[in-house]
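One structure below.
What follows is calculated from the coordinates using simple rules that are stated; it is not laboratory data. Computed from a prediction, not measured in an experiment: that's the story for all the values here. Positions of Cβ are generated from backbone atoms using ideal geometry, with glycine treated the same way; all protein chains shown enter the neighbour counts.
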Amino acid sequence: MASTHKQDFDLRLYKRACDIIDKAREDAYRHINYELVLRNWRLGKLISEDDLNGKDRAEYGLGIIQSLSESLTESYGRGFSRRDLYNYISFYRTNTTLFIATTHGDTIVYSLSAQSSGLLSWTHYRTLLQISDKAEREWYENEARNQTWSVRTLQRNISSQYYRRLLSSQKKEIVEQEMLQLTVHTQSVDPTEFIKNPVVGEFLGFKADSSFKESDLETAIIDNLERFILEMGKGFAFVGRQQHIHTEKEDYYIDLVFYNYILKSFVLIDLKTSKITHQDVGQMDMYIRMYDELKRTDGDNPTIGIVLCGDTDEDIARYSILHDNNQLFASKYMLYMPTPEQLKQEIERQKTIFYLKHK
């Protein structure tokens, strides 16, 4: 009886401890996102009002933006390209009342305004910038917030003209039901929602034509860990690099290990600077099996493995053990932010590979 009572007590204590840890992680994510959105809004405000004096792009040309971009990039690395700065300007101009400034002595403090309904992620806001019509953009923003749409669901609904089809339909419930059916795989809490593909790592500091080793890529990710976690998506917490796993015969080292507190799963990342191979997939499959057996606890869901590589491959998605495996994924990284058209083409290509993987 005493032993049973102790186990019950330990379980209650464990669950309460997990609640505290999960809440702290969620608070940390919200804080990071808040600061990122606020930073980009303030940069847009500064450039638009102070430096550009509200002038149109055609009037001031590229000079000021180009110069500022080069200086910020030299000081802070990637993330301040000319395209980024224009995004910040557009974000501010379409959301001028999102934050308000109050003065406390000599300090200016920014906070969400009373008109705002809460923040989305910066990736949500960046996605919304493609919509020029104000009413349409605000509708998507409200729906994304109220329906807790993922970025993938938001982009899919924008691309499919969901708003306009809903307005023109005599039977709106049919359109709504169609949307729910088509986006259910992007909304349910499953690993595919949290495996971003492609991963845009412009903040890592590599040039498109630069030569580097996997260890260089790993070091760059560690040096820019906060940005990398934000790029990967919600719920990721860093566990370790080159994590050692020892078996009876061999020693193995996993490049990067994260824990996703929403999925309640460990996420292993193996870095490859070249196109993915069957050997890469086999190695990650082995890592997953080893981690499940040697590291995973009863409270964890099955381990997830991601081969983050220079390029993915249709044949491997269709014919290797990658096929129809919800624990094993391949994601392509891009060292610079492509043009919107290039990114759209790459996303569509990766979608095709995803469908081949699960066909």
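Some points to look at:
- Descending by average beta-carbon neighbour count within 10 Å, the peptides 64-71, 268-275, 145-152, 302-309 line up as 302-309, 268-275, 145-152, 64-71, the highest first.
- Among the listed pairs LYS15/LYS295; LYS264/LYS332; LYS275/LYS295, a Cα-Cα separation exceeding 26 Å is found for LYS275/LYS295.
- Whether the range 217-333 is rounded, prolate or oblate, judged on the alpha carbon gyration tensor where a/c under 1.5 counts as rounded: rounded
- The amide H of GLY305, built 1.01 Å from its N in the peptide plane, has LEU268, LEU328, PHE329 as neighbours under 5 Å, considering only residues 5 or more places off or on other chains.
- Between SER113 and ALA135, residue separation times 0.36 nm minus the direct Cα-Cα distance comes to 5.9 nm.
- Stretching the chain fully between HIS104 and LEU225 yields a gain of 40.3 nm (0.36 nm per residue, less the alpha carbon separation).
- Sorted peptide list for 78-89, 93-104, criterion being average Cβ within 10 angstrom, highest first: 78-89, 93-104
- Around HIS246: net Lys/Arg minus Asp/Glu count, Cβ-Cβ under 13 Å: -2
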